[in-house]
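Report on the following structure.
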Amino acid sequence: EQKRWNDTQILEEEEVLNIIHNYMPQKYQSLCLVACYSLLRLSNLVNLRKRDVDFKEGITVIQGRSKKHSVFIPMSDKLRAAFDSIKIWPMRDDDLWFPEITAGALSASAMRKFHKAGIPWGSFHQFRHFGACYLLNKGVPIETVSKWLGHKSIVTTMIYARVKRETLKDSAKAFAQIRTK
């Protein structure tokens, strides 16, 4: 049976940061922060090179199964701060940001740490979900979130990202602006 995902599984920023800072091993914390604020897939993160990151503009990576799809992630203050916490200077253009981290070990660790934190359905991919839900709940259009995620179809983004009940309630206020006779 397909996994059911609902709005009770939308994590707040404080919850995500608690897991990163209080449960994740130190060597994974910076990468997890970059994941939260970039929405990049784990495979993109472990292969991220210095040349892929422009601190003024953002991150550009090739992703997708065909490896022909380029995704641009704009640089934010929180994303820049996550990179600033990485202590591997100086770097050459071809150097990896996370040279000693493997996707399998990080993925397994994240599942264990989410479970230990009382979130049995959590995994590393939850950081990507967090970012998408956070942007949507802050009013970023779903088309824009879809571009961040690198989805070819907005239908994928609609399945992937959820809006909190409070955000839905707040959206009803838009009807107050309609003029009636």
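A few remarks follow.
- Dipole size of the stretch 42-136 about its Cα centre, with +1 on Lys/Arg Cβ and -1 on Asp/Glu Cβ: approximately 300 debye, rounded to the nearest 20.
- At the listed q of 0.19, 0.21, 0.24, 0.27 Å⁻¹, the Debye profile of the stretch 75-143, built from one uniform point per Cα, gives log10 I(q)/I(0) equal to -1.03, -1.10, -1.12, -1.14.
- A dipole drawn for the chain from +1 and -1 charges on Cβ atoms has a positive end, and of His69, Phe83, Ile178 the residue lying farthest that way is Ile178.
- Within the chain, the longest segment free of exposed loop sites, counting GluC sites (Glu not before Pro) that fall outside DSSP classes H, G, I, E and B and have at most 14 other Cβ atoms within 10 Å, spans 101-181.
- Each part reduced to its alpha carbon centroid, the stretch 12-33 and the stretch 73-124 end up 9 Å apart.
- Percentage, to the nearest whole number, of Cα pairs in the chain over 27 Å apart: 30 percent
- Counting heavy atoms of the protein chains alone, Trp89 has an accessible area of about 140 Å² for a 1.4 Å probe.
- Under the convention that each Lys and Arg Cβ holds +1 and each Asp and Glu Cβ holds -1, the size of the dipole of the chain around its Cα centre is about 520 debye.
- Heavy-atom SASA rank of Arg179, Arg112 (probe 1.4 Å, accessible area, largest first): Arg179, Arg112
- The chain, helix-only ellipticity at 222 nm - DSSP H runs n ≥ 4, -39,500 (n - 2.57), divided by all residues, nearest 500: -13500 deg cm²/dmol
- Using a cut-off of 23 Å between Cα atoms, the listed pairs Lys56/Lys78; Lys78/Lys147; Lys113/Lys138 include Lys113/Lys138 as exceeding that distance.
- Rounded to the nearest 20 debye, the dipole size of the stretch 89-152 about its Cα centre is 380 debye, using +1 on the Cβ of Lys and Arg and -1 on the Cβ of Asp and Glu.
- For the chain, the solvent-accessible area of protein heavy atoms averages 62 Å² per residue (probe radius 1.4 Å; ligands and nucleic acids excluded).
- Chain lengthening between Ser70 and Ile88 when straightened (0.36 nm per residue, less Cα-Cα): 3.9 nm
- Per atom type, the chain shows carbon and sulfur on 53% of its accessible surface, probed at 1.4 Å.
- Where labels lie 7 Å past Cα in the beta-carbon direction, separation of Glu143 and Arg51 in nm: 3.3 nm
- Rg to Rh quotient for the stretch 49-103, alpha carbon positions, Kirkwood Rh: 0.98
- To the nearest ten degrees, helix 125-137 and the longest principal axis of the Cα atoms of the chain are 40 degrees apart.
- Sequence-separation-based contact order of the stretch 31-135, relative, with Cα cut under 8 Å and 6+ spacing, percent: 36 percent
The values are calculated or read from the model by the stated rules, or taken from the named source; none is laboratory data. In this text the structure is predicted, and so the values were computed from the model without any measurement. All Cβ positions, even for glycine, are placed from backbone atoms using ideal geometry, and neighbour counts span all protein chains on display. Areas reflect the complete protein model, heavy atoms only, side chains present, ligands, DNA and RNA absent. Shrake-Rupley method; radii C 1.70, N 1.55, O 1.52, S 1.80 Å.
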